[in-house]
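Everything on this sheet refers to the single structure shown next.
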Amino acid sequence: MNRIRLLLTGALGAFTLSAIAQNVPPVVTNQIADFTEYAGAPAQSIDLAPDFSDPDVSNAVRMTTVFGNIDIALFGQQKPITVANFLKYVDQGRYFLPDPTTNQTASSFIHRSVSAFVIQGGGFIGTVDPADSTKQNAKPTQVAPFAAIQNEPGISNKRGTIAMAQVGSDANSATSQWFINLSDNGGAPNNLDLRSNNSGPYTVFGRVVGNGMTVVDTIASVPRYALAAPFDSLPLRNYTSPNPIKVANLVNVPGIVQISTLTFSATSDNASVSVAVSGTKLLVTGNSVGTAHVTVTATDFDGGTVSQIFTVTVTAAPGRLVNLSTRMQVGTGDNALIAGFIMRGSVSKRLAVRAIGPSSGLGGAVADPILELHDSSGATIATNDNWGDAANKQDVIDIGLAPGSPKESVILTTVPSDTSAAAYTAVMRGVNNTTGLGVVEVYDLDSGPGSTLLNISTRGQVGTDPNALIGGFILGGTQSKQILVRAIGPSLTSFGVSNALADPTLELHDSQGALVDSNDDWMNSPQKTQIQNSGLAPTNAKESAIVQTLAAGAYTAVVHGANGGTGVGSVEVYQLP
């Protein structure tokens, strides 16, 4: 396809190209392993993409257009150079760029449409003329091209196939532009499968699937206007000549992203296990003790299927910390909300860490939190500002931890553990050094046996209500668990902390707000011996500690200063053996 004009006629070459091969059903590439999970634990998420594949299709993309989606299956096995080139433009965002006039993302558009022949795009981006920005008049910008690629003919230009455009008569000149065939264009009169006037054949590298051709045909029906080349057959919406052409008149393609080549479904043969599918992820939830066989089926674009079965065993959950949180005034610099936590075990742990402000319901909450996660060396593992911008946004939704405000932050990750303890730190700040009350939450997302979340500690300014230092935790499972809570103040001075809280007091409340226990000066506690035996006794007699055996549920630890005192303190929650 000449990117300057269409070559519709010419002398025929000596050969024709093959049609698309007959569909081959998908195959199982990896057996999903049997596993054990706890009753009532978060759903286990299994990525099904590595477990199935489609021999016909290497990749797939979804073009979002103003008339609907066009899904395209790509033939990377047959046309590796062409598919890799096309996906490079997609993955690196070359079909979109920031419009310097509007400061918004501008998208590519269909710049050529020839009745019963092709629609063509990938060459231009619909930007606004800076000289007339208030009227949004279009001044298209060319897509920045990578180097031209080698031609890979071999599949016929049938209706519904996508192929690469070429420059002039050079068959090895394709860069960013593509076209979708509206008719069978391989033979006469268009002869795209043949060498003609030293041009072609044109490399077909994919095909439109599903209902995509309905959208393609709708685009092809849009009125066309003859402007200066290369816009000599430009489709325009809601346009009356000779008015200036606005960006809104273009047939825009505001999104091109990779999608799965397969769709999935799943069933369970026992109500003790429920299953759901979200994209390529299988969510498996243990509802009650029992054993279930789960069947997963993969379906390709042509309706071909393949299935596999695995076993899930659900056991009663032991008592354990499954959620830790802390609340305090978020300041700037060293007065950020800093929450440290510890895990122990030989296997990595899947965690979600959230920074909550606007949706907390707290008066004076930080308006726009940003979150960092660091390992014990201080190295940054991950950051997030605005959870909806995260690459794993859908996973956050699937586990039910999407915050109530788009300004809040979530880090969903898997981190190493250690048999002698692995330490991590979550840091919450306000964007642009804003301040306010904030909450950091750490969730244990492991669904079965593995490493254990043992501790959270938070250091910060302890004020008077509502600026007390608050630590929350949730015990999961069916067993009671021994928990130790500390309120630390004076001993922080030895770590270089100035203005340490001189005399912290500690309260422990249950989920109804009822007082479970309280302490001021741990050596006066009835549990003094248990505190000492735990190896976690505070080093200063003015500091506070509580040890309690607690049933499953939610609890809150509150640190104040005795007699209204203020200063820097720390609240710490430990799960004891």
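A short reminder: the numbers here are calculations on the coordinates, not readings from a lab. Because the structure is predicted, anything quoted here is derived from the model rather than measured. Positions of Cβ are generated from backbone atoms using ideal geometry, with glycine treated the same way; all protein chains shown enter the neighbour counts.
In a reduced charge model with +1 at each Lys and Arg Cβ and -1 at each Asp and Glu Cβ, region 60-209 shows a dipole moment near 160 debye about its Cα centre.
Cross-link pairs exceeding 29 Å in C-alpha to C-alpha distance, out of Lys88/Lys407; Lys281/Lys407; Lys88/Lys349; Lys481/Lys542; Lys281/Lys349; Lys349/Lys407, comprise Lys88/Lys407; Lys88/Lys349. Per-residue Karplus couplings for region 118-135, computed as 6.51 cos²θ - 1.76 cosθ + 1.60 with θ equal to phi - 60°, are listed in order as 8, 10, 9, x, x, x, 9, 10, x, 8, 9, 5, x, 6, 9, 5, 5, 9 Hz, Gly and Pro entered as x.
Rg and Dmax of the chain, based on Cα coordinates, read 30.8, 101 Å.
Taking 0.36 nm per residue of separation and subtracting the current Cα-Cα distance, fully stretching the chain between Phe146 and Asn23 would add 41.0 nm. Relative to its Kirkwood radius, the Cα radius of gyration of region 263-315 gives an Rg/Rh of 1.03. Tell me, rounded to the nearest percent, the portion of alpha carbon pairs in region 81-180 spaced more than 18 Å apart. Roughly 52 percent, rounded to a whole number. For region 403-492, the equivalent ellipsoid derived from the Cα gyration tensor has semi-axes of 25, 20, 14 Å, listed largest first. Pairing the Cα long axis of helix 80-91 with the longest principal axis of the chain, what angle in degrees results, from 0 to 90 and rounded to the nearest 10? Taking the Cα atoms of the chain, the angle to 80-91 is about 50 degrees.
Dividing the convex hull volume of the alpha-carbon atoms in region 471-577 by its residue count gives 96 Å³ per residue.
Positive end of the dipole of region 186-280 (Cβ unit charges, origin at the Cα centre): among Ser260, Leu234, Gly212, the Cα lying farthest that way belongs to Leu234.
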